[in-house]
1. Which helices (runs of 4 or more DSSP H) does segment 215-258 wholly contain that include 1 or more residues that are under 12 Å from Leu109 (Cβ atoms), open to solvent by 10 Å² or more (accessible area, probe 1.4 Å) and not β-branched (Val, Ile, Thr)?
2. Out of (1) free of Cβ contacts under 8 Å to residues at least 60 places away in the same chain; (2) under 25 Å from Ala276 (Cβ atoms); (3) not hydrophobic (A, V, I, L, M, F, W, C), the odd one out for Asp349 is which?
3. With the structure loaded, tell me whether Ala407 is assigned to a helix (DSSP H, G or I) and over 30 Å from Phe67 (Cα atoms) or whether it fails that test.
4. Identify the residue in segment 294-316 that is assigned to a helix (DSSP H, G or I) and not hydrophobic (A, V, I, L, M, F, W, C) and, among all such residues, is surrounded by the fewest Cβ atoms within 10 Å (Cβ to Cβ).
5. How many of the residues making up segment 269-293 are open to solvent by less than 20 Å² (accessible area, probe 1.4 Å) and part of a helix (DSSP H, G or I)?
6. With Ala73, Ala135, Ala90 as the choices, which residue is surrounded by 14 or more Cβ atoms within 10 Å (Cβ to Cβ), touching a strand residue (DSSP E or B) at 6+ places or on another chain (Cβ under 7 Å) and at pLDDT 95 or above?
7. Is it true that some residue in segment 183-204 is outside any loop (DSSP other than H, G, I, E, B), closer than 18 Å to Trp250 by Cα and touching a residue at least 12 places away in the same chain (Cβ under 8 Å)?
8. Does segment 393-404 hold any residues that are more than 18 Å from the chain's Cα centre (by Cα) and in a helix (DSSP H, G or I), and which are they?
Amino acid sequence: MASTPVEAGAPVPMPVAPETDPAPRRGDGFRPALPDLLSVAAAVVFVVLAAREGWRLLDAGVNIFVFFPPLLANWEPHTGPGTPFAVLVAVAVVAFGPSFAARASWVRLMFAAWGAAFAWTLSLAMVDGWQNGVATRLASDQEYLYDLPRVTGIGQMLSIFSDHILTTGQDPSQTWFWVTHVGAHPPGAFAVFIGLDQIGLSGGGAAGVVVMLVGASAAAATAVTLKALGAEDLARRALPFAVLFPGAVWVGVSADGMFAGVLAWGVALLALATAASVRGATVAYGLAGGLVATFSIYLSYGLAIGVLFPLAVLAATRRWSILAPALAGAAVVVAAFTLSGFWWLDGFDNVRLIYAGSIAQDRPYEYFVWANIAAVLFALGPAVVAGLRRLVTHPRAVPVGAVLLIAAGVLAVAVADYSGMSKAEVERIWLPFGVWLVLACGLLPRRQVRGWLVAQALLALALNHLLTMPW
């Protein structure tokens, strides 16, 4: 049969994930395969070694400012009003999630996944109660809402932002500076909370709910990206794991969860641009993707590494035509912040000075360069470890777009780790990268999915009930 010619500029067809398990092998029954279990066991040993070395440093008097190595947490077993709801959500997703994800219409599935991920995140946060778990998380003396009385609006804030990043501003008469999380990030994050306050969503409770809603939407955004790249089956298989993401412990409530959602939707919009068959849709999605993805780097300096995900989309599809609208969207964001008084590179230089003089100077690089990986494993969970093992051993059984996105996540973590700009606390800081690694769970055999989901849920429940975190 003669093949149908592809018109110039048309989307490059993407390989679709097979309806059967990728690279099925003997042993892919109801019990996990021995190589999967060994990979998880190796990860557990790695985490234990990181914990033991962290405790040794603490006992030696090294001020690593990590109270439950390798996590920034305190051992404090407890339950709360969110406990029964978290268990209920977990049971529902384990029991019905895989089958619902396989058969539901796409739009219905996306809203269901977003709602379930939000319910999971909120119920975990509520284990600490509404006040401690949600309302005060973004209102402490180191968080965004604390600085709201200093500003009258977004424009006024942007005009003075750079002058108050360092403890000594350019004007000797200026005696104050932004609190930790405001000054250590570009002004985009603070602008979001100012905007919420100005539209009546004031206080830590409203801000916390918005952060969780945006953060929980990353589950749907990563699935939308995969579908646009021709890997819908893999997206459906991974979606229950994206919902029961152990990192939801830190999505509720830290602003990094919101950052993960924003970056994920920027990538999703760019992927939709590559899949669009109508030029108008390509331009619209490309422009929107450029706007959202570029805005993410004004939320956190570290999200500059997030450019790896749009590059993965481009490499997989070779739809270079989306570059023009995407770059136009990016230019709009950069121009808006620059003309308002904030130059990203100057802000980054100032933050490097802040970081060098912070607790980071006491945190030894030679420990955290590997302990960081142990910390992020808590956010990823054992199912991701097993999924990544399967990707490494059977990469050709997976759609190329999915391989590149997961590889971008691994590379982003590696670059962030090697840079030394994140020593500890990466269980939340690297959430924008971790949500993409969850896609590897779509490689787990169908008959084992519920068992792996139980493992993910138990890890998250244990973290939130045995430990308390500042965010």
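The values are calculated or read from the model by the stated rules, or taken from the named source; none is laboratory data. Everything numeric here is computed off the predicted structure, so don't read it as measured data. Cβ placement follows ideal geometry from the backbone for every residue including glycine, while neighbour counts extend to all protein chains displayed. Quick note on the areas: whole protein, heavy atoms, side chains included, nothing else; ligands and nucleic acids left out. Shrake-Rupley method; radii C 1.70, N 1.55, O 1.52, S 1.80 Å.
1. In segment 215-258, the matching helices (runs of 4 or more DSSP H) lie at 218-228, 232-243.
2. (2)
3. yes
4. This residue is Tyr301.
5. Step one: of segment 269-293, the residues open to solvent by less than 20 Å² (accessible area, probe 1.4 Å) are 270-271, 273-274, 276, 282, 286, 289-290, 293.
Filter again for part of a helix (DSSP H, G or I), leaving 270-271, 273-274, 282, 286, 289-290, 293.
Adding up the residues that qualify gives 9.
6. Unique residue meeting the criteria: Ala73.
7. Among the residues of segment 183-204, at least one is outside any loop (DSSP other than H, G, I, E, B), closer than 18 Å to Trp250 by Cα and touching a residue at least 12 places away in the same chain (Cβ under 8 Å), which makes the answer yes.
8. Filtering segment 393-404 down to residues more than 18 Å from the chain's Cα centre (by Cα) leaves 393-401.
Once the filter is applied, which keeps residues that are more than 18 Å from the chain's Cα centre (by Cα) and in a helix (DSSP H, G or I), segment 393-404 yields Thr393, Pro395, Arg396, Ala397, Val400, Gly401.
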